[in-house]
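Written below as structure tokens is the structure these notes are about.
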């Protein structure tokens, strides 16, 4: 483990993130809310400043130089996303406002493809954003929502998945990694089995992408979605990968500029991919900064990131479990650097409040995954999520803070 | 005692402490003396919205004064609602409606006053005042 931890020069990496030098309540900031959003390195901040300082212009329609430069930079970002996810074609990458937007494009698009009695399978580990659009889709179409249950370790019960699959199954949706528990789901198996009954698969990669580099062609996944802000990029931008044949089948999500080929009052023909799904002026700066963030993370290397974060996970798990009365939720062997826990019967909100006073940012509550909390019969958890710029010393600070909270609240 | 006098008393009590830990410990202590809501009133209708933890409040009018009882599943939140109830309970509805809550700032809990704060201190104050408004309407 020590060797893996040493693979990254974490002190040097920390210098890339200006926010990590600030204090909270007079204490050095310890940022352990990475699963909610990651911090932003200087190179990404520079890309944002550079765009607004030097070539801010609307894209895809201007003949002037600034517009051309902005268009080139934005389309370059799309290429970076394509390369990162190893999509076959650049036009299979739709730039969106984030994971939720991406999911809604698919959920809305499937309205015209489903009939009453068709079935959609989702996992019990879903974020709210991955449940509600499907419920709405079912209401519109008369399709039926089925759920793959989870076990005590926070893993999907795959035997039940096998039973749920049938010729009625048209869509399967699951996250790659659970935001509340950190469980890595067996998406290869999920995809393969769904395809065997002819169903399409959408994978929510919002939590996975900060830790792993998905290869959408190797996965043979139909749709894959993610957000830039969990990957050291800005908020308000994300991606949707879809296989070309699927994206051609789906109708546009929104009407507006950019997404049309020809408009008369009698008839409008839609633009080809990817513009069909990109109505209106997009988040140009955000897209460019997303590309810069991917460059930054690939520069560090996802293998290095994963190995280092696993070291932090092991260390954090071991240290936190030394605290008497502390229980960790999500104990799968396949998980990323997320530790969801509670202290005896103490409310997670109380623990979060005290550790915040000590400069430590953790998440408390149900993490937009209420069904998981209902499963464990708890109001929520305290969630510490580690990133490659965190250190063992910061974990030590968390452990001390949790001990202090326990002393005050018991 | 008037609402103003009780607030001054609380500010004096918190003034004895030098750091946030002692203030929080005292607040947690105050939570233990909270007049607890009867189990039958711990219904979803009585939960204050906007809190990450659950807070139940019940009010009754006796001799033209409002009596509050409450509970919470989080200890810090219980301390906060206990302070508010100490200030507002056994007061005439008109006095509750008119009262300001600047003392929260003075006892070093200003950070809880932000309307977006997940503990919902602002929602709690609003709910207590809503009860007072309802009872004031009955009196008119």
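Using a 10 Å cut-off around each Cβ of peptide A:341-351, what is the average number of partner chain Cβ atoms that fall inside? Please list the in-between numbers first.
On the way: counts 0, 0, 0, 0, 1, 2, 10, 3, 12, 12, 3.
The per-residue average across the peptide is 4.
The mean number of partner chain beta-carbon atoms within 10 angstrom of a residue's beta-carbon across peptide A:352-362 is 3. Seen against the Cα atoms of chain B and their longest principal axis, helix B:20-31 is set at about 30 degrees.
Its Cα gyration tensor gives the stretch B:1-55 an equivalent ellipsoid; the semi-axes, largest first and in whole Å, are 27, 16, 11. Kirkwood radius for the stretch A:179-253, taken over all pairs of different Cα atoms as the inverse mean of 1/r, rounds to 13.5 Å.
Relative contact order (percent) for the stretch A:1-116, with alpha-carbon contacts under 8 angstrom and 6 or more residues of separation? Normalised by residue count, the contact order of the stretch A:1-116 is 11 percent. The residue A:86 and residue A:265 beta-carbon pair, evaluated with R₀ = 51 Å, returns a calculated FRET efficiency of approximately 0.75.
Computed from the C-beta positions of residue B:110 and residue A:404, the FRET efficiency with R₀ = 30 Å rounds to 0.85.
When peptides A:44-57, A:356-369 are ranked by their average number of other Cβ atoms within 10 Å per residue, the highest-first order is A:356-369, A:44-57.
Residues of the stretch A:92-110 with backbone nitrogen within less than 18 Å of a virtual label 7 Å along the Cα-to-Cβ line of residue A:249, please, listed as ranges. Residues passing the 18 Å test: A:92-94, A:103-110.
Using Cβ counts within 10 Å as a stand-in for footprinting exposure, how do A:410, A:38 rank, fewest first?
Working: A:410 11, A:38 25.
Going from least to most buried by this count: A:410, A:38.
At 222 nm, what value in deg cm²/dmol follows for chain A if DSSP H runs of at least 4 each add -39500 (n - 2.57) and the sum is divided by all its residues, to the nearest 500?
After summing the helix terms and dividing by the residues of chain A, the value is -12000 deg cm²/dmol.
For the stretch A:53-183, the convex hull spanned by the alpha carbon atoms encloses 159 Å³ per residue.
Could you sort B:2-15, A:310-323 so that the peptide with the highest average Cβ count within 10 Å comes first and the rest follow in order? The partial results should precede the final answer.
Values: B:2-15: 15.2, A:310-323: 17.7.
Ranking the peptides B:2-15, A:310-323 by packing returns A:310-323, B:2-15.
Averaged over the residues of B:74-84, the number of partner chain Cβ atoms lying within 10 Å of the residue Cβ comes to 3.
Working from label points 7 Å from Cα in the Cα-to-Cβ sense, the residue A:370 to residue A:7 distance is 4.0 nm. Modelled this way, with points 7 Å down the Cα-to-C-beta line, the labels at residue B:1 and residue A:333 are 6.2 nm from one another. Against the empirical curve 2.2 N^0.38 Å, the C-alpha radius of gyration of the protein assembly as shown lands at a ratio of 1.09. Note on residue B:90 and residue A:298: the model spin-label points, each 7 Å out from Cα along the C-beta direction, lie 7.0 nm apart. Take every pair of alpha-carbon atoms less than 8 Å apart whose residues are at least six positions apart; their mean separation over the length of the stretch B:3-139 yields a relative contact order of 27 percent.
Taking all pairs of different Cα atoms in the stretch B:3-139, averaging 1/r and flipping that mean, what Kirkwood radius in angstroms comes out? Show your work: numbers first, answer last.
Working: mean 1/r = 0.0665 Å⁻¹.
The Cα-based Kirkwood calculation yields 15.0 Å.
Relative to the compact-globule scaling 2.2 N^0.38 Å, provide the ratio for the alpha-carbon radius of gyration of the stretch A:310-371. Don't jump to the answer; show the numbers that get you there.
Details: Rg = 12.1 Å, N = 62, 2.2 N^0.38 = 10.6 Å.
For the stretch A:310-371, the normalised Cα radius of gyration is 1.14.
Angle of helix A:65-85 to the longest C-alpha principal axis of chain A, folded into 0 to 90 degrees and rounded to 10: 60°.
For the protein assembly as shown, give me the percentage of DSSP beta bridges that are antiparallel, rounded to the nearest 5 percent. Kindly include the intermediate steps, with their values, before the conclusion.
Details: 38 of 59 bridges.
Counting DSSP beta bridges with both partners in the protein assembly as shown, the antiparallel share is about 65 percent.
Ranking A:61, B:86, A:14 by Cβ neighbours within 10 Å, fewest first, what do you get?
Values: A:61 11, B:86 18, A:14 15.
Fewest-to-most Cβ neighbours within 10 Å comes out as A:61, A:14, B:86.
Here is the size of the stretch A:86-157 from its Cα atoms: Rg then Dmax, 14.3, 41 Å. Rounded to two decimals, the Cα radius of gyration of the stretch A:190-328 over 2.2 N^0.38 Å is 1.39.
How do A:32, A:265 rank when sorted from fewest to most other Cβ atoms within 10 Å of their own Cβ?
Working: A:32 28, A:265 5.
Ordered from fewest to most neighbouring Cβ atoms within 10 Å, A:32, A:265 come out as A:265, A:32.
For the pair the stretch A:82-142 and the stretch A:207-248, the centres of their Cα atoms are 12 angstrom apart. Extension gain, residue A:396-residue A:317: 0.36 nm per intervening residue step, less the Cα-Cα distance, totals 27.3 nm. Annotation for the stretch A:350-410 versus the stretch B:1-80: alpha-carbon center distance of 25 Å.
What's the FRET efficiency of residue B:140 with residue B:40 using the Cβ-Cβ distance as r and R₀ = 22 Å, to the nearest 0.05? So the FRET efficiency works out to roughly 0.15. For chain A, the longest principal axis of the alpha carbon atoms and the long axis of helix A:302-321 meet at an angle near 40°. Geometric descriptor of the stretch A:143-226, per residue, is 94 Å³ (volume of the convex hull of the Cα atoms).
Quick note: the coordinates plus some simple rules give every number you see, no bench work behind them. Because the structure is a prediction, the values reported are computed rather than measured. All Cβ positions, glycine included, derive from the backbone under ideal geometry; neighbour counts span all protein chains shown.
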